[in-house]
C-alpha cells in the first residue's frame, strides 16, 4: 500500500539510502519494516514496545552497546515520550560515520498507538539531531506537503492511500511530513 503522506518522503529517502551502498550496511529499524525493501548486508527490526530508545541504547547480552551503520525510524519519533534522550541514545548506537534516518508526521490527525507526543518540522528535526550530538553540516532535513494532502488526511479510513492524480506539489508553508538524515562524525 502506498500512503499519500509518504509518497514523496519515501522516494527522496530511498535515493539517499541507495547512495550509501545498502549492501555494505548493518541496519536496524525501529518499529517498522520499510527497510526490508533494501538489500542491506544485515537488517533487523525492533518493535518499540520491546526496545524503547528513551531508556538507553540497545545492548548485547554482555551489556555492550550494539552499533549499526544505519538506523531507521519511520513514523516513530512522534510516539516517543523523551525524543531528546532517545535521539542521543540512537547517536550512541551508531558506528563512526553511521547514519540515522527518521521520518515524522507534521500535519496529521492524532494517532495514539500507544501514545502521540509531538510533531516536527524539518527545522525542528535538524535542531533535535544537532542537540543530540550530530554536527549541523552532517544533517539534511526536508518537509513536504500541501493543502490537498492535508484535506485528504481528514478522510477515513486514515491514513489515505495515494490515488493517481493526487497533487504532490510541495507547499513549503503547509508541511504534512518531515524527514532527516544525519551522520555521526
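The values are calculated or read from the model by the stated rules, or taken from the named source; none is laboratory data. Being a predicted model, the structure only gives us computed values, none of them experimental. Neighbour counts are summed over all protein chains in view; Cβ atoms, including those assigned to glycine, are modelled from backbone coordinates with ideal geometry.
Any residue in segment 91-105 that's without any contact (Cβ under 8 Å) to a residue 40 or more places away in the chain: show its pairings with residues that are assigned to a strand (DSSP E or B) at Cβ separation under 8 Å, as long as the two are six or more apart or on different chains.
Short answer, once both residue conditions are applied: 92/65.
Could we say that residue 34 is in contact with a strand residue (DSSP E or B) (Cβ under 9 Å, 6 or more places away or on another chain) and closer than 22 Å to residue 138 by Cα here?
No: the conditions fail for residue 34.
Looking at (1) without any contact (Cβ under 8 Å) to a residue 60 or more places away in the chain; (2) over 13 Å from the mean Cα position of the chain (by Cα), which one does residue 83 not meet, given that it meets all the others?
Going through the list (1) without any contact (Cβ under 8 Å) to a residue 60 or more places away in the chain; (2) over 13 Å from the mean Cα position of the chain (by Cα), residue 83 breaks only (2).
I'd like the full set of residues that are outside any helix (DSSP H, G or I) and buried (at least 16 other Cβ atoms within 10 Å of the Cβ), limited to segment 120-151.
Scanning segment 120-151 gives 120, 132, 134, 139, 140, 141, 142, 143, 144, 145, 146.
Which one of these does residue 47 not meet: (1) touching a residue at least 60 places away in the same chain (Cβ under 8 Å); (2) under 16 Å from the mean Cα position of the chain (by Cα); (3) over 27 Å from residue 145 (Cβ atoms)?
(1)
For segment 94-111, what are the residues that are surrounded by fewer than 21 Cβ atoms within 10 Å (Cβ to Cβ) and within 17 Å of the chain's Cα centre (by Cα)?
Answer for segment 94-111, where residues must be surrounded by fewer than 21 Cβ atoms within 10 Å (Cβ to Cβ) and within 17 Å of the chain's Cα centre (by Cα): 107, 111.
Using the structure shown, decide if residue 19 is within 25 Å of residue 168 (Cβ to Cβ), within 12 Å of the chain's Cα centre (by Cα) and modelled with pLDDT of 95 or more.
No; evaluated as a whole, the condition is false for this residue.
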